[in-house]
Amino acid sequence: MILKIQHFVIFATITCLCACKDTPTQLSKISGEQIPITDSINGTDSIDLFIAPYRKRIKEVLDSTLAYAPSQITKNDGKYNTSAGNLMADIMLSQANPIFKSRTGQEIDFVISNHGGIRSIISEGKVTTRTAYEVMPFDNSIVVVALKGKDVRDLISCLINAKNPHPIAGLQIILNTNDTLKDVNIHGLPFDENKTYFVATSNYLADGGSNMGFFKDSLKTFDLNYLIRNAMIDHFIKVDTLIAIVDDRFIKIE
């Protein structure tokens with residue numbers, strides 16, 4: 001009887017030790033399922049109730065009238081410059097220049113942005129914070145790049161050869177009837193290839209976006225930590241009526 005008990009104890013001990021032994025966990029299968037988010041998904045009342053005051057406040061901020069547009073402003077109303085592009089570039093120049101001057105003592109010479117960065121028209125009527133988010137949904141910021149004259153010449157060539165009119169301000173380009181370059185003026189003065197120019201643009205373009213590789217040889221870059229969208233909102237707040245027209249900043253002699 002004692003022998004049987006001993007055998008049972010030994011057997012139980014071995015069984016427990018085997019049961020306690022760690023077994024490596026192995027991944028046997030990975031699967032996924034795409035769940036579309038549509039209006040067929042029912043909301044959760046408790047969550048809707050919790051976020052309701054935040055949603056209300058956001059709508060109040062986004063939809064409060066800041067300015068007025070007397071007519072539609074679009075990036076498709078001109079071959080060489082457009083009302084939306086001109087407005088965007090003018091805003092960048094007027095809003096960023098005081099900041100840049102206060103920090104460096106220098107003036108911004110001109111502005112270049114990209115046609116594709118403008119993502120919406122500005123409709124006739126009230127202009128709101130939401131308008132700025134629709135036109136500029138990206139968190140692109142304004143930077144000022146110091147460019148040598150030869151790099152500015154490459155920039156001008158890029159503008160001339162572009163399929164779409166990129167926004168510019170402070171810079172005037174005049175083409176001959178055969179599409180050759182006639183004149184380039186910066187702040188009303190003839191372009192000087194021996195000069196260094198301070199060019200305001202977006203951080204996206206300064207990093208070489210939209211094939212603007214001439215920025216890679218910049219002498220220095222100043223990040224103003226100022227979103228283009230915020231510059232738009234600040235401009236809307238300051239003015240009563242938006243002035244945006246196609247003008248002579250980039251033209252071809254007919």
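Data table
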{"item": "Index of the failed condition, residue 180 passing every other in (1) under 19 Å from residue 85 (Cβ atoms); (2) free of Cβ contacts under 8 Å to residues at least 60 places away in the same chain; (3) of a type in the set (Ser, Thr, Tyr)", "result": "(1)"}
{"item": "Subset tally (residues that are touching a Pro at 6+ places or on another chain (Cβ under 8 Å) and either assigned to a loop (DSSP other than H, G, I, E, B) or of a type in the set (S, T, N, Q) (or both)) for the range 76-93", "result": "6"}
{"item": "Selection status of residue 119, on the phi < 0 side of the Ramachandran plot, under 23 Å from the mean Cα position of the chain (by Cα) and basic (Lys, Arg)", "result": "yes"}
{"item": "Checklist (1) in contact (Cβ under 8 Å) with a residue 40 or more places away in the chain; (2) part of a helix (DSSP H, G or I); (3) under 17 Å from residue 214 (Cα atoms) applied to residue 96, failing item", "result": "(3)"}
{"item": "Considering residues of the range 219-246 that are surrounded by 14 or more Cβ atoms within 10 Å (Cβ to Cβ) and closer than 25 Å to residue 174 by Cα only, the residue nearest to the chain's Cα centre (by Cα)", "result": "244"}
{"item": "Breaking point among (1) assigned to a loop (DSSP other than H, G, I, E, B); (2) modelled with pLDDT under 95; (3) among the acidic types (Asp, Glu), for residue 60", "result": "(1)"}
{"item": "Among residues of the range 170-192, those that are surrounded by 12 or more Cβ atoms within 10 Å (Cβ to Cβ) and either within 26 Å of the chain's Cα centre (by Cα) or not β-branched (Val, Ile, Thr) (or both), counted", "result": "13"}
{"item": "Given (1) of a type in the set (A, V, I, L, M, F, W, C); (2) over 24 Å from residue 225 (Cα atoms); (3) within 16 Å of the chain's Cα centre (by Cα), index of the condition residue 160 fails", "result": "(3)"}
{"item": "Checklist (1) within 26 Å of residue 196 (Cα to Cα); (2) of a type in the set (Gly, Ala, Ser); (3) touching a residue at least 12 places away in the same chain (Cβ under 8 Å) applied to residue 67, failing item", "result": "(1)"}
{"item": "Qualifying residue in the range 211-220 (condition: at pLDDT 95 or above and part of a helix (DSSP H, G or I))", "result": "no"}
{"item": "Residue within the range 188-204 that is among the hydrophobic types (A, V, I, L, M, F, W, C), touching a helix residue (DSSP H, G or I) at 6+ places or on another chain (Cβ under 6 Å) and closer than 21 Å to residue 96 by Cβ present", "result": "yes"}
{"item": "Where a residue in the range 143-156 is in a helix (DSSP H, G or I) and its partner, wherever it lies, is surrounded by fewer than 17 Cβ atoms within 10 Å (Cβ to Cβ) and charged (D, E, K, R), with Cβ under 7 Å and at least six apart", "result": "149/192; 149/193; 149/195; 150/193; 151/217; 153/193"}
{"item": "Residue that is surrounded by the most Cβ atoms within 10 Å (Cβ to Cβ), among those in the range 51-87 that are among the basic types (Lys, Arg) and within 19 Å of residue 173 (Cα to Cα)", "result": "75"}
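The values are calculated or read from the model by the stated rules, or taken from the named source; none is laboratory data. Predicted model only: the values in this text are computed from it and were never measured. Reconstructed Cβ throughout: ideal geometry from the backbone, glycine too, with neighbour counts over all protein chains shown.
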